[in-house]
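The values are calculated or read from the model by the stated rules, or taken from the named source; none is laboratory data. Treat the numbers as computed from the prediction; the structure is a model and nothing was measured. Every residue, glycine as well, gets a Cβ built from its backbone with ideal geometry; the counts of neighbours run over all protein chains shown.
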Amino acid sequence: MKTAFINNIPFELQEGETILSFLRRHKGEQSVPTLCDAPNLDPFGSCRVCSVDVAMEENGKARTLASCHTPIAEGQYIYPDSKSIQSLRKNIIELVLTDHPLDCLTCEVNGNCELQTVAAQVGIRDVRYPSGENHLFREKDLSHPYMTSDLSKCINCYRCVRACDEVQGEFVLSMSGRGFDSHIIKGIDQSFMDSDCVSCGACSQACPTSAISDIFQSKAIAATDVTRTICTYCGVGCNLDVSTRSGEILSIQAPYDAEVNQGHTCLKGRYAFKFYDHPERLDAPMIKRDGVFEKVSWDEVYDFIATKLQTYKDEFGPDSIAGISSARCTNEENYLMQKFIRAVIGTNNIDGCARVCHSPTALGMQRTFGTGAATNSIDDIKDTNCILVIGANPTDAHPVTGAKMKQFAMKTGNISIVIDPRRTELAKYATYHIPLRPGTNVAVLNMMMYYIIEAGLVDASFIESRTEGFDDFKNEILSIDLDHIETVCGVDRNLIKEAAIAYAKAPNAMSFHGLGVTEHSQGTFTVMQIADLALLTGNIGRRGVGVNPLRGQNNVQGSADMGVQPHQGAGYLDLTIPEVNQRYNTFYGVNVPSHIGFKIPEMFEAALDGKLKALWVIGEDIVQTDPNTKKVIKALQNTDLVIVQELFMTETAKYADVLLPGASFLEKSGTFTNGERRVQAVRQVVKPIGNAKADGQIIVDIMNRMGYPQPDYDPKTMLEEISQIVPFFAGITWENLGKNGKQWPVAKDGTDTQILHQKEFKIGKGQFIFKKWRETSELVDNAKDYPYILTTNRELEHYNCGAMTRRTGNEQLLGDDYLMIHPIDAEKHFISEGDYVCLESPRGKVDVKARITDEVKEGVLSTTFHFPEIMINNITGDVHDSEAKCPEYKVVAVRIRKSKGKFKQLATQE
């Protein structure tokens, strides 16, 4: 055992430790004062407050060293509180205080100022040096809805600059000037709003003096409670520390000990929480009578629903009823919803957005690997040499993960490949950007594998020992028509070849994909080709490799795991297999149907045919987010009973017959499963608004009302039930989730799994399955009259349909949807920046504001869909993935012209 000494007493040291981490591990976090140090930043050594005396023999001659960046060495004698060190620290802090505008020794304004704390630690009661006029006076920046800066308080510790660089990778903040004129600037000395700041708040959390702070920060000082929970937005699964007092949420920060986000969030996770008590929250159950919603009691609404559903079940059969559950809800709530539909109603007509957006991922990976989930952890980016990002814009849609990818891409020697029609932020830093035509993912991936096989860069031993079907696959790949593929994808084959060779030669390569892969007619096939690319090169089963889907919503993975799909029950067990069906029958105590139920598109068709009598929708605004909006509305209008369980009066809620007020993630407990299979505890922070209830409790209440006994909603007891039927949840309990959760599969002894397929695949051997590229029928049928291809994208500031983020300060950051159009295409149609453009497809037309940019290629358009005023899905179509029925949002045939009438006038006024 290697040791070093603290005040002549030996203590064990660990490899890679600094003196500061060594001292803190043995003597506590407060054992050495610091100012420039922060838990999630690299050691910097600018303030020297952490200095200690270090000798190589007991009471020997000592050197004064900054402990934050000096490695600990065996046999060192550390004296952290010698008289000379105490004097040094005191003098440093006195000098800092001399140039600080506030009297930190008596100040009650900052409240959380670390300078004040450190001054007390080093024993300063007064300052010997005259302060005079503060030469660092700066005007306050109050431009931002969430962040302020008063850089007169700045002590030039560089923590904000380093947080912007090291945590977010945005490089907005920097130091300008020299000597006494040194000061922090944003961009080219801009305000927060004018700079390229992405509002992640990393600088605010890092600042020790509130020179940069959250607008909520002064209120947060008064907090009496802090609750650890999980973010409700994307599938990264960031941990949040929520500060409250007297039932009011004051602020949110990111815990440094969170394995997922390590003290980092995006602006949505940190700031966009005020929707929870927004005046427009639904706070009581309502029934629509004569076209008007009336508030009723829970007993009345439960009786109404139970009577109606039982009547439809008896008269038209269980398949006349369907349910749509939500990735916004917890695992336990999704499990209860599918159980209610199957065990109480008696149908498999259960679906949700998990299948709508990522079903090709689950199906494609199940066919090739046997398990439809991420093979590795996001943390493995530290161990890879190459990342392939296809059909995803992680810096906007998965910002904390996106920041890690951006930093990876910017590091010399790393290889990054981005396959995307748009030049996304990540693509700007990529080694290779392949700007393919939308809808040609399969073509590009087949070409990449062609060049890898041709160059002899396959992992022959891996293929021989762990895969099947390679010979036939190889023959098919080598027979593709390269000339044709190059033409259809619109990318120089040499660029694709270089990227393919780089991926194959990398010692470790990881792939990440998003909705730009799945939301296509060949979505499932694309996922299979991504998986085959990993099999071809042996990039499976160890750190720094694998196939990793980026989940769009917070609990997409979990809702699918829990059985929210019409063909598989909880745990992905096939309901059509008699033994499996019998297992569910025994477990639920009733007969569960064995035939496959309706997927969401089939629910709409059944409604239009008069076969669907009742539809229960939880937390999904299908009118705004599902394709072909007019068809969705007709389906809802043709359904006798539409029950919507929601937070707000969404576009879908307007067509409801019954409205049930659910609870936000801040108002209930349960678990979410993030994109890396990490099951984490969601903990209730405040009580539900008004008479709203946790969604799980609402489902339990109606189950009991319809005669099926189910205990009250509680995550602990629900996990006990789930662990008995979902094999990979076998060892998960509420108690053993701890702070950072567990990655499934979890063995009965609680051991979890960071990496899948280390020795074998669930189906035995990985499957090579060739799929040929085919043009989508959307373009085959419509391209002649509608020559432009429209694809969709998200913006950082808003989330999906915007129901939550539009009710926060985020609307001040981005207030409307926009259409990205190439300058040449804009010129053809006399469209200028800010003009409204009429987008027309065979389904309808919408008007949306133009953003002229070369981030899209000629002939390709891209739009956001966050605002109901635009209703982009009025023009999207009915084409779906051929296998999983995922809507093809990413390829829409359209034509464009400059808008007329009020839109043109509005654009002129602006």
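Quick one: which residue in Leu660, Leu636 is farther than 20 Å from Val556 by Cβ, outside the structural domain of Thr244 (by TED's automatic domain parsing), among the aliphatic types (A, V, I, L, M) and touching a Pro at 6+ places or on another chain (Cβ under 6 Å)?
Going through Leu660, Leu636 in turn, just one is farther than 20 Å from Val556 by Cβ, outside the structural domain of Thr244 (by TED's automatic domain parsing), among the aliphatic types (A, V, I, L, M) and touching a Pro at 6+ places or on another chain (Cβ under 6 Å): Leu660.
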note = Screening Ile463, Ile453 for residues that are assigned to a helix (DSSP H, G or I), touching a Lys or Arg at 6+ places or on another chain (Cβ under 7 Å), over 28 Å from Glu888 (Cβ atoms) and in the same structural domain as Val418 (by TED's automatic domain parsing) leaves only Ile453
task = Answer yes if at least one residue in the range 769-790 is basic (Lys, Arg), in contact with a Ser or Thr (Cβ under 9 Å, 6 or more places away or on another chain), over 30 Å from Glu464 (Cβ atoms) and modelled with pLDDT of 95 or more, and no otherwise.
result = yes
query = Where residues in the range 622-654 are crowded, with 19+ Cβ neighbours inside 10 Å and among the polar types (S, T, N, Q), which of them is modelled with the lowest pLDDT?
reply = Thr625
query = Under the condition of being β-branched (Val, Ile, Thr) and modelled with pLDDT under 90, which residue from the range 181-235 is nearest to Tyr146 (Cα to Cα)?
reply = Ile215
inquiry  = If I ask for residues that are of a type in the set (Val, Ile, Thr) and surrounded by 24 or more Cβ atoms within 10 Å (Cβ to Cβ), which ones from the range 655-681 would you list?
reply    = Thr671, Thr673, Val679
message = Which of the numbered conditions does Asn385 fail, given that it passes all the others? Conditions: (1) in contact with a Pro (Cβ under 7 Å, 6 or more places away or on another chain); (2) assigned by TED's automatic domain parsing to the domain that holds Lys716; (3) surrounded by fewer than 24 Cβ atoms within 10 Å (Cβ to Cβ).
response = (2)
note = With the first residue restricted to the range 795-815 and required to be in a helix (DSSP H, G or I), and the second required to be of a type in the set (Ser, Thr, Tyr), Cβ contacts under 6 Å at 6 or more apart or on different chains are Thr805/Tyr799
inquiry  = So Arg895 ticks every box in (1) crowded, with 19+ Cβ neighbours inside 10 Å; (2) farther than 22 Å from Thr395 by Cα; (3) touching a Leu at 6+ places or on another chain (Cβ under 9 Å) but one. Which box is left unticked?
reply    = (1)
message = When you scan the range 758-769, do you find a residue that is of a type in the set (A, V, I, L, M, F, W, C), outside any strand (DSSP E or B) and under 30 Å from Val879 (Cα atoms), even just one?
response = yes
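Residue-by-condition table, conditions (1) at positive phi; (2) within 32 Å of the chain's Cα centre (by Cα); (3) surrounded by fewer than 20 Cβ atoms within 10 Å (Cβ to Cβ):
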site	(1), (2), (3)
Leu436	no, yes, no
Val442	no, yes, no
Phe473	no, no, no
Asn494	no, no, yes
Leu515	no, yes, no
query = Could you list, in sequence order, the residues of the range 726-757 that are among the polar types (S, T, N, Q) and part of a loop (DSSP other than H, G, I, E, B)?
reply = Thr733, Asn740, Thr751, Thr753, Gln754
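Conditions (1) touching a Gly at 6+ places or on another chain (Cβ under 9 Å); (2) surrounded by fewer than 24 Cβ atoms within 10 Å (Cβ to Cβ); (3) of a type in the set (Lys, Arg), marked per residue:
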{"residue": "Phe216", "(1), (2), (3)": "no, yes, no"}
{"residue": "Asp241", "(1), (2), (3)": "no, yes, no"}
{"residue": "Ile249", "(1), (2), (3)": "no, yes, no"}
{"residue": "Asp277", "(1), (2), (3)": "no, yes, no"}
{"residue": "Lys288", "(1), (2), (3)": "no, yes, yes"}
{"residue": "Val292", "(1), (2), (3)": "no, yes, no"}
{"residue": "Ser297", "(1), (2), (3)": "no, yes, no"}
{"residue": "Pro318", "(1), (2), (3)": "yes, yes, no"}
query = Of Ser67, Ser82, Ser87, Ser31, which residue is in contact (Cβ under 8 Å) with a residue 40 or more places away in the chain and out of contact with any Lys or Arg (no Cβ under 7 Å at 6 or more places or on another chain)?
reply = Ser67
Among (1) touching a Gly at 6+ places or on another chain (Cβ under 8 Å); (2) over 30 Å from Lys890 (Cβ atoms); (3) surrounded by 14 or more Cβ atoms within 10 Å (Cβ to Cβ); (4) not assigned by TED's automatic domain parsing to the domain that holds Arg342, the one test that Lys765 misses = (1)
task = Search the range 475-487 for residues being more than 17 Å from Leu436 (Cβ to Cβ) and in contact (Cβ under 8 Å) with a residue 24 or more places away in the chain, and hand back the single one that is nearest to the chain's Cα centre (by Cα).
result = Ile477
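Criterion first (in contact (Cβ under 8 Å) with a residue 12 or more places away in the chain and either of a type in the set (Val, Ile, Thr) or buried (at least 18 other Cβ atoms within 10 Å of the Cβ) (or both)) does Glu858 satisfy it?
Numbers: in contact (Cβ under 8 Å) with a residue 12 or more places away in the chain: yes; either of a type in the set (Val, Ile, Thr) or buried (at least 18 other Cβ atoms within 10 Å of the Cβ) (or both): no.
No; evaluated as a whole, the condition is false for this residue.
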task = Output the residue which, of all residues in the range 104-138 that are more than 23 Å from Cys160 (Cβ to Cβ) and acidic (Asp, Glu), is modelled with the lowest pLDDT.
result = Glu108
query = Can Leu550 be described as touching a His at 6+ places or on another chain (Cβ under 6 Å) and outside the structural domain of Asn334 (by TED's automatic domain parsing)?
reply = yes
ask   = Just one of Tyr708, Tyr713 is more than 27 Å from the chain's Cα centre (by Cα), under 24 Å from Gly589 (Cβ atoms) and part of a loop (DSSP other than H, G, I, E, B); which is it?
value = Tyr708
task = Confirm whether Phe180 is part of a helix (DSSP H, G or I), of a type in the set (A, V, I, L, M, F, W, C), assigned by TED's automatic domain parsing to the domain that holds Thr244 and surrounded by fewer than 21 Cβ atoms within 10 Å (Cβ to Cβ).
result = yes
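Yes/no matrix, rows are residues, columns are (1) assigned to a loop (DSSP other than H, G, I, E, B); (2) at positive phi:
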residue: Thr576; (1), (2): yes, no
residue: Glu579; (1), (2): no, no
residue: Phe587; (1), (2): no, no
residue: Val592; (1), (2): yes, no
residue: Ile596; (1), (2): yes, no
residue: Pro601; (1), (2): no, no
residue: Ala606; (1), (2): no, no
residue: Gly610; (1), (2): yes, yes
residue: Val617; (1), (2): no, no
